Amino acid sequence: LSDGRIRNDYDVRLQNRKPDARSFVVSIEGLPGAVVQAIGQLDEANGKPVFAIGPDQTREVRVSVTVPASMAKDEPHTITFRLNDATTKETATVVEHFISK
């Protein structure tokens, strides 16, 4: 980015296979100091994006992960996306990579 920070964008597909609407909090692990934001998403819980999904629905969202320039390194960082159901606290994870150079 123009201010030196590094951002990777990810397309995330969320599925709610339950018969009730649910909200999911999206966070990452493995990259200390990273900021997670969602394009066009205003709902947050403790600075993390929250997505509401209706019953038996799928939603695709764009999630940005940004770190300071000092986090740059030659090899990719392994990160884990964590999705927590805001009500039941059920969790799903997926491993991905953050490329900084």
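The values are calculated or read from the model by the stated rules, or taken from the named source; none is laboratory data. None of the values given here were measured: they were computed from a predicted structure. Neighbour counts are summed over all protein chains in view; Cβ atoms, including those assigned to glycine, are modelled from backbone coordinates with ideal geometry. These accessible areas exclude ligands, DNA and RNA; they are computed on the full protein's heavy atoms, side chains included. Shrake-Rupley method; radii C 1.70, N 1.55, O 1.52, S 1.80 Å.
In nanometres, what is the gap between the two model label sites at Ala52 and Val35, each 7 Å from Cα along Cα-to-Cβ?
My value for the distance between the label points is 2.6 nm.
How much length is gained on full extension from Thr78 to Asp20, taking 0.36 nm per residue of separation minus their Cα-Cα distance?
On the way: separation 58, 0.36 × 58 = 20.88 nm, distance 3.32 nm.
Once the chain is fully extended between Thr78 and Asp20, it gains 17.6 nm.
On alpha carbon coordinates alone, what is the Rg over Rh value for the stretch 57-101, Rh being the Kirkwood radius?
Numbers: Rg = 13.7 Å, Rh = 12.8 Å.
Rg/Rh: 1.07.
In nm, to one decimal, how far is the modelled label at Thr91 from the one at Asp9, with both set 7 Å along Cα→Cβ?
Inter-label distance under the simple model: 2.9 nm.
Search the structure for amide H atoms under 5 Å from the amide H of Arg5, placed 1.01 Å from N in the peptide plane, and list their residues when 5 or more places away or on another chain.
HN-HN under 5 Å from Arg5: Ala69.
Which net charge results for the neighbourhood of Val25, defined as the other residues with beta-carbon distances under 12 angstrom from its beta-carbon, given Lys and Arg at +1 and Asp and Glu at -1?
On the way: positive: Arg22, Lys48, Arg82, Lys89; negative: Asp43, Glu44, Asp85, Glu90.
Summing Lys/Arg as +1 and Asp/Glu as -1 gives 0.
Grab the other residues whose beta carbon is less than 12 angstrom from that of Ala86, score K and R as +1, D and E as -1, and report the net.
Values: positive: Arg22, Lys48, Lys89; negative: Asp43, Glu44, Asp85, Glu90.
That works out to -1.
Can you list the HN-Hα couplings for the stretch 2-16, worked out from phi with the Karplus curve (6.51, -1.76, 1.60; θ = phi - 60°), rounded to whole Hz and with x for Gly and Pro?
Computed from phi, the couplings for the stretch 2-16 are 4, 8, x, 5, 10, 10, 10, 10, 10, 8, 10, 10, 9, 10, 10 Hz.
Roughly how many Å² is the accessible area per residue of the chain, as a whole number, for a 1.4 Å probe?
Values: 6300 Å² over 101 residues.
Heavy-atom SASA per residue in the chain reads 62 Å².
Please list, in order along the stretch 64-77, the HN-Hα scalar couplings obtained from phi with the Karplus expression 6.51 cos²θ - 1.76 cosθ + 1.60 (θ = phi - 60°), rounded to whole Hz, x for Gly and Pro.
These are the phi-based 3J(HN,Hα) values: 10, 10, 10, 10, x, 4, 5, 7, 5, 8, 5, 9, x, 7 Hz.
Residue by residue through the stretch 23-35, what is 3J(HN,Hα) from phi via Karplus (6.51 cos²θ - 1.76 cosθ + 1.60, θ = phi - 60°)? Round to whole Hz and write x for glycine and proline.
The phi angles translate into 10, 10, 9, 9, 9, 10, 10, x, 9, x, x, 6, 10 Hz.
On average, how much area does the Cα convex hull of the chain cover when viewed from any direction, in nm²?
Working: hull surface 26.1 nm².
For the chain, the mean projected area of the Cα convex hull comes to 6.5 nm².
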